[in-house]
Amino acid sequence: MKKLLIKSAIASGVVLSLATITRPATAASFAISIEGAGVQNANLSNLVNAHIDTFDSQTQGYSGTGFEWKDGTTKIGSYSNTLIENADQYGGAGGTGKYFDVDTSRSGNGQKVSTLNLTTPQSYFGLWWSAGDANNVITFLSQGQVVQSLTTADVVSYISKLTNKSSYYSNPNSAFQNQNSGEPYAFINFYDVGGTFDQVQFTNVGGTGFESDNHTVATSYKSITGSVVTQAVPESSSVLGVFAIGFVGAASVMTRRVKKKSVLQLS
């Protein structure tokens, strides 16, 4: 009987541990940082196998079918339900070319979500998030499971703590200098420290726009650059923690059973 209880307790601990190991990566595995005021591009020297989409070659306007993201002959991914706009006070890195947008009114199709499906899982994503407002949400998924989500409110909260916070507000490009001064403009880095992601969703939950440019992906990176907004919690720690919980639980069951048996013998 004792051997059976020991096996059962240990099996329970192992099952609990395996359940944790096989679960999708969590939001805690992401490190998020923001580059200095006025920066509109990723730190490419820090990235491995990086690709950038400037959207300048895309046709202006809304497309339900979207378009492919290619770097030469290499397909990086594909966007669906897209809106491309010419540079203005709300977006367009450098003040020229085109930019990516999610806007219910401008699209004319009630557009609320645009999706980037990546051909190969990536560990890094960066974008110049321009004219940010509280309706903007970016979400990362791996095999259909959400692994990270961020709103502009999170970015604004971080910027508000900086000594140079005013430098992030209004369009920094000469063509639209100081326009739209009520909204932040910043390049944001997303590092998936605990794994990879294969899909990015851009959501605008209100009647405004979610403007961005210079979407950048990389299969890996050398270090976390910029000022850290959210620090990642190593995935291994939580896994080891559950292993400990599982086996401590097994030992606890065994101890309780042994003590109970001793008490019965004494009575």
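Brief remarks follow.
- Size of segment 104-168 as Cα extents on the principal axes (Å, biggest first): 40, 34, 17
- The local environment of V229, defined by Cβ-Cβ distances under 13 Å, has a net charge of -1 under the rule Lys, Arg +1 and Asp, Glu -1.
- Between S223 and D154, the simple label model (points 7 Å from Cα in the Cβ direction) yields a spacing of 2.4 nm.
- Net charge, T219 excluded, C-beta distance under 14 Å - Lys, Arg +1, Asp, Glu -1: -2
- Distribution of pairwise C-alpha distances over segment 41-144, 10 Å bins, in %: 13, 45, 37, 5
- Derived scalar couplings ³J(HN,Hα) [segment 183-192; Karplus, 6.51 cos²θ - 1.76 cosθ + 1.60; whole Hz; x for Gly, Pro]: 10, x, 10, 7, 8, 10, 9, 10, 10, 8
- Among the trypsin sites (Lys or Arg not before Pro) in segment 87-173, those located in a DSSP loop and surrounded by at most 13 other Cβ atoms within 10 Å of their own Cβ are K161.
- Volume per residue of the convex hull around the Cα atoms, evaluated for segment 28-234, comes out as 112 Å³.
- Dividing the convex hull volume of the alpha carbon atoms of segment 77-118 by its residue count gives 71 Å³ per residue.
- Estimated FRET transfer efficiency when R0 is 22 angstrom, pair N41-K161 (beta carbons, to 0.05): 0.40
- As a calculated quantity, the FRET efficiency between A134 and N49 at R0 = 45 Å, using C-beta atoms, amounts to about 0.85.
Bear in mind these aren't lab numbers, they're just calculated from the coordinates by the rules spelled out. Since the structure is predicted, the reported quantities are computational estimates derived from the model, not experimental observations. In this analysis, Cβ positions are derived from the backbone assuming ideal geometry, glycine residues included, and neighbour counts consider all displayed protein chains.
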